[in-house]
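Peer 1: Mind having a look at this structure? Questions to follow.
The values are calculated or read from the model by the stated rules, or taken from the named source; none is laboratory data. The model shown is predicted, which means the values in this text are computed figures rather than measured ones. Because the Cβ atoms are built from the backbone with ideal geometry, glycine has one as well, and the counts that use them run over all protein chains shown. For accessibility, only protein heavy atoms count, side chains too; no ligands or nucleic acids. Shrake-Rupley method; radii C 1.70, N 1.55, O 1.52, S 1.80 Å.
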Amino acid sequence: MPNQLTDLLTRLRDDRALFLSGEEATLQGAVLPILARLGWDRDNIREVVPEYTVGNGRVDYCLKIGEQIAVFVEVKRTSEDLERHQEQLLEYAFRQGVKLAVLTNGLLWWFYLPLFE
C-alpha cells in the first residue's frame, strides 16, 4: 500500500496537465485516488460525502466513520493560493465540531486541528 501511495504522489507531482486543470480535475485525478489509497471507500457516499452542506456553504468532502464526521476536505485547483481559503474551512469545521480539516490543491495538503486549544 505505501508504495502505491508513493507512486501516485510521484506521478501527480510530475503531471503537468494537473497544473493546467481546474478544481474538478484535482478532485477526480488527485484527491479521490489519494483518499482511496489511504483506505477511504470513495465509492461509498456515506463514507466520502461529496459537497457536504455546512450552514450556507459546502465543503468538497466530508469523511465519515460510521455516522460520525471525521474530516472535512476542501479542494482547490493546483494553481490556487490555499491561504485565501483556510479561514472559511476552519469556520465550517469549528461550527460542526469537526476535529480535523484538510485544505488541498492535490499537491499541497494543509492539515488543521480546529478544536485544538
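Peer 1: Between the range 76-93 and the range 26-58, how many Å separate their Cα centres?
Peer 2: Their Cα centres are 16 Å away from one another.
Peer 1: What are the ³J(HN,Hα) values, in whole Hz, obtained from phi via the Karplus relation 6.51 cos²θ - 1.76 cosθ + 1.60 with θ = phi - 60°, for each residue of the range 34-46 in sequence order, with x given for Gly and Pro?
Peer 2: 5, 4, 4, 5, 8, x, 7, 8, 5, 8, 9, 6, 8
Peer 1: May I pose another question? Which angle from 0 to 90°, rounded to the nearest 10, does the C-alpha axis of helix 2-14 make with the longest principal axis of the chain?
Peer 2: Taking the Cα atoms of the chain, the angle to 2-14 is about 70 degrees.
Peer 1: So what's the net charge close to F72: Lys and Arg +1, Asp and Glu -1, counting the other residues with Cβ under 13 Å from its Cβ? Can you show the working numbers first?
Peer 2: On the way: positive: R58, K64, R95, K99; negative: E51, D60, E74, E91.
Surrounding charge for F72 is 0.
Peer 1: If ligands, DNA and RNA are left out, what is the accessible area of L100 with a 1.4 Å probe, given in Å² to the nearest 10?
Peer 2: Roughly 50 Å² of L100 is accessible to a 1.4 Å probe.
Peer 1: Whenever you get a sec, compute what percent of the accessible area on the range 1-83 sits on carbon and sulfur atoms (1.4 Å probe).
Peer 2: Numbers: 2310 of 5000 Å².
Carbon with sulfur: 46 percent of the solvent-accessible area.
Peer 1: Work from the charge dipole of the chain (Cβ charges, +1 for Lys and Arg, -1 for Asp and Glu, about the Cα centre) and give the residue of L107, L8, F94 farthest towards its positive end.
Peer 2: The residue sitting farthest along the positive end of the dipole is L8.
Peer 1: By how many degrees, 0 to 90 and rounded to 10, does the Cα axis of helix 86-96 deviate from the longest principal axis of the chain?
Peer 2: With rounding to tens, the tilt is 50 degrees.
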